[in-house]
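Written out below as structure tokens is the structure these notes cover.
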Amino acid sequence: MDAVANFSYTTVTVAPSPAASGTSLTVGDPEVLPVPPFNAVVWPAGAPIPLATQAEVVRVTADASGVLTIVRDAETGGITRSIRVGDQFMAAITAGLLEQIGSGGGGGALLKASNLSDLASASTARTNLGLGTAATQPSSAFDAAGAAAAAAAAALAAAETVANGKLAKSANLSDLASASTARTNLGLGTAATQAASAFDSAGAAAAAESAATSALAAKAPLASPALTGSPTAPTQTAGDNSTKLATTAFVAKAIEAVVAANTQTAAYTLVIGDLGKVVELNSASTAAVTVPPHSSVAFPVGAIIPLAQIGAGKLEVKAGAGVTIHSSSSLKTRAQWSEVTLRQRAENEWVLSGDLE
């Protein structure tokens with residue numbers, strides 16, 4: 001706790017520099033002040049008492065023959081002011097000093113801020129708290145492996161006949177007044193009452209980790225896997241031009257579709273299955289082949305569908321709802337055996353080219 005002294009009043013003879021933030025000043029009567037550290041109040045000359053509106057609380061940390069080292073605005077409640085020559089200076093009872101007293105900073109009490117470092121005997125304090133010697137040991141100082149069995153064996157070996165308060169050897173400790181207390185007195189932990197199956201055997205974790213590592217090493221990585229044998233995958237929908245895997249079945253269907261023809265004899269609307277096929281119109285009179293909107297048949301952008309007029313009737317390409325078909329001439333084939341091509345350049349936008357009227 002801070003030292004105190006009666007009538008510790010003097011005045012400032014040399015002000016701090018700068019006056020509002022300097023940390024050194026000189027007083028006229030240093031002998032009346034207590035030994036640092038202590039808190040003091042500085043207020044203007046001529047003012048009868050210090051007030052929160054004109055006084056500053058400073059903390060004196062050193063006194064060199066009246067030259068004081070101070071900490072400015074050491075407590076709340078005052079102000080930071082410009083200290084001048086002639087200002088009144090007094091080692092006063094402040095809230096900080098009262099807090100020291102209230103928290104046990106004097107006599108035989110402990111300081112809250114000391115965190116028990118001011119105990120007279122830490123060892124005696126541990127004993128009074130009921131702590132054992134294990135309390136000061138690191139956890140690495142204990143190994144429970146085999147401890148329970150060894151302690152139980154020692155207890156059994158010490159058991160003798162029940163006479164004069166002793167245990168009967170034949171009772172195998174069943175005549176203990178309290179098995180729980182006995183385990184505590186033997187220093188056994190809660191693990192002592194657990195079955196061995198409650199714990200992994202020594203090295204089990206390392207073995208499991210090694211096995212998992214070996215199993216993972218046998219798997220193909222997600223990035224650029226090098227597969228062996230005959231791996232399989234789902235067969236995608238015909239016409240799918242995404243980055244999904246293409247199985248041999250998908251490729252076979254695609255090749256088959258390329259060489260196949262879808263021959264119609266009357267007006268016809270394209271379907272997704274026409275991808276990779278030639279749509280032929282074998283009609284005696286003009287008939288329409290309609291391109292459906294993308295919302296009905298979702299052809300992939302870039303799809304190409306050949307069309308052929310194999311009968312006397314012309315093949316006329318018509319646009320479904322919302323569909324635009326561009327052509328440099330007409331949308332009809334020129335004559336029998338004329339072939340034209342539809343290419344989708346965007347959803348609902350196609351280009352027609354070939355042997356047109």
key: In degrees, nearest ten, helix 204-217 long axis to first principal axis of the chain (Cα)   = 30
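At most 10 other Cβ atoms within 10 Å and a DSSP loop assignment: could you name the chymotrypsin sites (Phe, Trp or Tyr not before Pro) in the range 4-103 that fit? The partial results should precede the final answer.
On the way: sites: 7, 9, 38, 89; in loops: 7.
Qualifying residues, ordered by number: 7.
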request  = Counting only C-alpha contacts under 8 Å and six or more residues apart, can you give the relative contact order of the chain as a whole percent?
outcome  = 8
ask   = Sorting 140, 338 by accessible area (1.4 Å probe), largest first, what list results?
value = 140, 338
key: Charge context of residue 39, other residues only, Cβ under 15 angstrom, K/R +1, D/E -1   = -4
request  = Sum up the lysine pairs in the chain that clear both bars: alpha-carbon distance under 16 Å and a spacing of 8 or more or different chains.
outcome  = 4
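Out of every Cα-Cα pair in the range 233-338, what percent are more than 17 Å apart? Mind showing how you got there, number by number?
On the way: 3180 of 5565 pairs.
Tail of the P(r) past 17 Å holds 57 percent of the pairs.
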task = Send over a whole-number figure in Å² for the accessible area per residue of the range 1-105, probe 1.4 Å.
result = 50
inquiry  = To test your reading of the geometry: what angle, between 0 and 90 degrees and rounded to tens, separates the Cα axis of helix 248-259 from the longest principal axis of the chain?
reply    = 30
ask   = Where does helix 147-158 land angle-wise versus the long Cα axis of the chain, in degrees 0 to 90, nearest 10?
value = 50
From the coordinates shown, Rg and Dmax of the Cα atoms in Å corresponds to which of (1) 25.7, 75; (2) 49.8, 131; (3) 39.9, 145 = (2)
key: residue 20-residue 262 pseudo-label distance in nm [points 7 Å out on the Cα-to-Cβ vector]   = 8.8
ask   = Using the Kirkwood radius built from alpha carbon pairs, what does the Stokes-Einstein equation give as D for the range 1-123 at 20 °C and 1.002 mPa s, in µm² per second?
value = 142
query = Which value, in Å², gives the accessible area per residue of the range 291-357 when a 1.4 Å probe is used on the protein heavy atoms?
reply = 47
ask   = Using only helices, what value at 222 nm comes out for the chain when you add -39,500 (n - 2.57) per DSSP H run of length 4 or more and divide by the total residues, to the nearest 500 deg cm²/dmol?
value = -5000 deg cm²/dmol
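Only Lys, Arg, Asp and Glu count, each charged at its Cβ (+1, +1, -1, -1), so figure out the dipole size of the chain about its Cα centre, rounded to 20 debye.
About 880 debye.
The values are calculated or read from the model by the stated rules, or taken from the named source; none is laboratory data. The model shown is predicted, which means the values in this text are computed figures rather than measured ones. As a convention, Cβ positions derive from the backbone with ideal geometry for all residues, glycine included, and neighbour counts pool all protein chains shown. To get the accessible areas, we keep the full protein, side chains included, count just its heavy atoms, and leave off ligands, DNA and RNA. Shrake-Rupley method; radii C 1.70, N 1.55, O 1.52, S 1.80 Å.
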